[in-house]
Every structure is written in structure tokens, then in C-alpha cells.
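Read the structure below first, then the notes.
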Amino acid sequence: MKQVARVLSTYSADLFGICSVLYELGGLVVMHDASGCNSTYNTHDEPRWYDIESMIYISGLIENDVILGNDEKLIGDVIEAAQETNPKFIAISAALIPLFMSTDMKGIARIIEKRTGIPTFGFTTNAMDTYVLGGNMVYREFLDRFCPALDGRQAISDSSSISVNLLGVTPLDFSIVGNVEALKEYFKDCGIEVNCCMTMGCTLSEMAEAYKADVNVVCSSLALDGARILNDKYGTPAVLGLPMGKAACYELEKLIRESAVDGKSRLLGSADEITCIPPLEHAKSSFTLRDRAKGGTWIIGEAINAAGIRYVLEHDLGITEVHILCPTQVDAHMLREGDVMVRDEADIEKVLKDAKCVIADPIYRRILTKGENGNLPHFINIPHEAYSGRMYRSHIPTFIGAGFTDWLTSKVNADQDSIGINDIMRINEPYKKG
């Protein structure tokens, strides 16, 4: 019962992370579950649904199929849909009920591929893990299969003309409020070519040409395994971090150009070089509630984004005692002493008990308690689409670029942020992009 969320929300599930990464790639994506799961995804977690068509379906699992274990019905339905739509690939993922049934998703995928001749992937998801694990599954399987084997990395002599892949770019972390466009503009201004933006404005054939880039920029922890696969296949180094704020914009370009020349991977905010990208299981933090720091400023969210906010606070604003609470299961090597990785509501409340300032999605304001001085912590709203869905989308700032420093400065120096708990998009309000 400790894992029950009474006050807070939950992050987008692993199978939704799969859907988000695959949305624009031209494949047939099937969530194996009872009807209703698909509407949850497209209504709250997928803003592209209104403008870009995609073949994402629900299997419509019914009670008899659960009792009798009728996998052939799923196989037949997927094959029939594939014959009508001619997808470039097929991907099937499971929700909680198929997990309880011990459904062999990979075995089903092999049968479908044998009968159709279409590349088919089966993902053993559970709808309980967060979207970052689902996204990593896709990157691991797709880059391993679709990217051709080469002899290795071709070293370059200087950093004057380089290109990058942007890994982990989906609306779950970047929404559709201009951050993806700002990210591409940043690299254009730096004179760095974007070879592929995975996976917004990206095709499957462009994804297969990831080997052409000199550096992989990991923009979200949902793509950590993608960087590892490309590093193993081509020796392409990775830089983990985002150009958020003035100092980070300068430092990230510097790290990318250094990695392009010497082939070593780097983390924004760390002096350490990484000789190789470790497997995902080694990026799941051991930082627990027991190790937490007390007081100071706490940032809650996906690890790479949270680390970017911390970089702005420390290097642009000179704020110390800044800590990260990562609830998304993968720390992407961004956490340090005093940070924590917890998901349970009771644990999150304990971590934030002595906080002076909290930077997070507005829903987290509900769990704050008054300190010894009788006041709530200063709260700065930075909505996260993977957490609160469309509710606060209009309040998501453009956090990419040097201008984020000024935005965050104004929020740190202001009174409590203006977004209230009841200030949400009404469920029946017509959709408005941005």
C-alpha cells in the first residue's frame, strides 16, 4: 500500500514511452490491454495526436481472452491490421493484465514477423514502470537492429565541422511549446549540424543513419541505452546534458567539440570523462531516502532535465545547496551525494519536509508541508508533460537556450508562482496547441 498515490500523480507508463518514441516512425504500434488505455495515452500524453497521424492501437483484451489465454487472437488481429496498413515495422507492448498472464511478448513478435515478413518487436512492459524504461527499450532494440554494422568510428582532426544526433527528444519531456525548435536553433547557432533528432521530425531511415554523427547528445534519460548501442557499434561518444541557461549553452558546445575530437563521452556538470556508456542497469541510482540532504533547494523530475536546472542555479545564479529528487527510475549518472531517487508518495513528502525551495511540476505543490517557521517552501512551477499531461501545458517555459536563466531568475526572486492547484485545463475545453 505504500506505493499508492493518494495526493500525487504518476508518470507516463513504460508502454507510453514506447509509443512516444515510435510515434512518427511509420510503424504499427499495439498496446496489449483492455480498451481505454489508448485514450489515456492520446488524450493526455500525446499532443501530436491532433496534428500527425500514427498507427497506434489497443488490442481490446477481453475477459475470455484473459481466462483462456488466447494469444492467437492477438496475433491474428495484428497480422490483419498489418496487411491493411503496410507498416515499416510492428511493435507490441503489454500492460499489467498480460503481465499477470505471463504473456510472451517476444515470442508473439517472432510469430508475427515470421508470418508477415515485417520486422516485429515485442516489449515486456508492465504499465507500472515509468516512461524512461520504455523509451530505453525502443532505443536498444531499434538502433541495434536497424543501424548497419560498420568498422568503427572515423576520427576527425578538428571540431570545426561536426554533426550530432539528438537522443531522447519526445513530447513527454519537451512538449510542443517550442523547446524542440529552440534546441535545433541552438545547434544551428553553434555551427553544429543536427544529423537526426530522435524522434520528433525524424524518419526510420534517418534513424538508421545515426552512424553519420560525430557525437550523440543525450537529451533525456529515456535514451541512455541508445547512446550505449551507438557507442558500442560505432564508437560514437555521447554528451549527456541540455543547453539550459547561459553557462550551459557555452559549456555544452565546448564538451561536444571536445568529444568529437577525442572520442570520449562526457557529462554536463562533471569534470569526469566516460570511456564507455555503461548498461542501463548501472544507471539506476543507489541513492536512497537514507542518503538525502536536508534543506536547500530541491528539483523534482527526470534526471537530465533536473541536472540542467541545477546547472543554471549554481553557475548562473550562484545558488548553493541544490539537490535533485529523481522519481523516474534512471539517474543517467547525473545524481550526486545528497540527491535521492524515490517514487513513493510518503518518501517524497519526507524528502521535501525541510526544503526551502521546490522546483517541480505544479502537482507536487499538493504534498508540501509547512516548516518550523510556519511557511510552505517557495515553489517554482515547471510543468512536465510526462507527469501532469496537458493540464499545465500552457505554463511550460522554453527552457532551452540562454533565456532560461532570466526566466528562472524572475521566478526565484518572485513571490509564490501564480499557478494554483485548480488552475488546470478543463477536460471538456477544446484543444489548443501550445
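Going by the conditions given, is Arg145 touching a Gly at 6+ places or on another chain (Cβ under 9 Å) and basic (Lys, Arg)?
Considered against the rule, which asks whether it is touching a Gly at 6+ places or on another chain (Cβ under 9 Å) and basic (Lys, Arg), Arg145 comes out as no.
Pairs please, first residue from the stretch 39-50 and touching a residue at least 24 places away in the same chain (Cβ under 8 Å), second anywhere and open to solvent by 40 Å² or more (accessible area, probe 1.4 Å) and assigned to a helix (DSSP H, G or I), Cβ atoms under 9 Å, 6+ apart in sequence or on different chains.
From the stretch 39-50, the pairs are Tyr41/Trp49; Thr43/Trp49.
What pairs come up if the first residue lies in the stretch 216-233 and is of a type in the set (Ser, Thr, Tyr), the second is surrounded by fewer than 24 Cβ atoms within 10 Å (Cβ to Cβ) and not in a helix (DSSP H, G or I), and their beta carbons are under 9 Å apart, counting only those six or more places apart or on different chains?
Here the result reads Ser221/Gln329, each pair linking the stretch 216-233 to a residue that is surrounded by fewer than 24 Cβ atoms within 10 Å (Cβ to Cβ) and not in a helix (DSSP H, G or I).
Report, by residue number, each residue of the stretch 1-19 that is over 20 Å from Asp361 (Cα atoms) and not aliphatic (A, V, I, L, M).
Lys2, Cys19
Only one of (1) modelled with pLDDT under 95; (2) under 20 Å from Lys350 (Cα atoms) fails for Ile300. Which number is that?
Of (1) modelled with pLDDT under 95; (2) under 20 Å from Lys350 (Cα atoms), only one is false for Ile300: (1).
Going through Leu376, Leu368 one at a time, which residue ends up being more than 24 Å from the chain's Cα centre (by Cα) and over 18 Å from Asn413 (Cα atoms)?
When all the criteria are applied, what remains is Leu368.
In this structure, does Tyr11 turn out to be open to solvent by less than 10 Å² (accessible area, probe 1.4 Å) and hydroxyl-bearing (Ser, Thr, Tyr)?
No: the conditions fail for Tyr11.
Residues in the stretch 350-400 that are within 17 Å of Cys326 (Cα to Cα), in contact (Cβ under 8 Å) with a residue 60 or more places away in the chain and among the β-branched types (Val, Ile, Thr): how many?
6
Given the structure, is Ile156 open to solvent by 10 Å² or more (accessible area, probe 1.4 Å), at pLDDT below 95 and out of contact with any Cys (no Cβ under 7 Å at 6 or more places or on another chain)?
yes
Taking the stretch 35-54 as the search range and keeping residues that are of a type outside the set (Ser, Thr, Tyr) and open to solvent by 40 Å² or more (accessible area, probe 1.4 Å), which one is nearest to Thr10 (Cα to Cα)?
Checked the stretch 35-54; the qualifying residue nearest to Thr10 (Cα to Cα) is His44.
Within the stretch 195-228, track down each residue that is polar (S, T, N, Q), touching a helix residue (DSSP H, G or I) at 6+ places or on another chain (Cβ under 7 Å) and open to solvent by 10 Å² or more (accessible area, probe 1.4 Å).
Of everything in the stretch 195-228, just one residue is polar (S, T, N, Q), touching a helix residue (DSSP H, G or I) at 6+ places or on another chain (Cβ under 7 Å) and open to solvent by 10 Å² or more (accessible area, probe 1.4 Å), namely Asn195.
Can you tell me which of (1) within 18 Å of Pro171 (Cβ to Cβ); (2) crowded, with 16+ Cβ neighbours inside 10 Å is the one His32 doesn't meet?
(1)
For the stretch 229-251, how many residues meet the condition of being surrounded by 24 or more Cβ atoms within 10 Å (Cβ to Cβ) and either hydroxyl-bearing (Ser, Thr, Tyr) or within 19 Å of Glu302 (Cα to Cα) (or both)?
Of the residues in that region, 10 qualify.
Among the candidates Ala109, Ala91, Ala82, Ala127, which residue alone is crowded, with 17+ Cβ neighbours inside 10 Å, part of a loop (DSSP other than H, G, I, E, B) and either of a type in the set (Gly, Ala, Ser) or free of Cβ contacts under 8 Å to residues at least 24 places away in the same chain (or both)?
One residue alone meets the criteria, Ala127.
Kindly list, by first and then second residue, each pair from a residue in the stretch 12-30 that is at positive phi to a residue that is among the aromatic types (Phe, Trp, Tyr), limited to pairs with Cβ atoms under 9 Å and residues at least 6 apart or on different chains.
The qualifying pairs are Gly26/Phe89.
Checking the conditions here, which among Ile192, Ile162, Ile176 is modelled with pLDDT of 95 or more and open to solvent by less than 40 Å² (accessible area, probe 1.4 Å)?
Exactly one of Ile192, Ile162, Ile176 is modelled with pLDDT of 95 or more and open to solvent by less than 40 Å² (accessible area, probe 1.4 Å), namely Ile192.
Take the residues in the stretch 304-353 that are more than 16 Å from the chain's Cα centre (by Cα) and small (Gly, Ala, Ser), then tell me which one is least open to solvent (accessible area, probe 1.4 Å).
Gly338
The values are calculated or read from the model by the stated rules, or taken from the named source; none is laboratory data. The structure presented is a predicted model; accordingly, all values stated were derived computationally and were not measured. For neighbour counting, all protein chains shown are included, and Cβ atoms are generated from backbone atoms with ideal geometry for every residue, glycine included. Accessible surface is based on the protein model in full, side chains and every heavy atom, while ligands, DNA and RNA are left aside. Shrake-Rupley method; radii C 1.70, N 1.55, O 1.52, S 1.80 Å.
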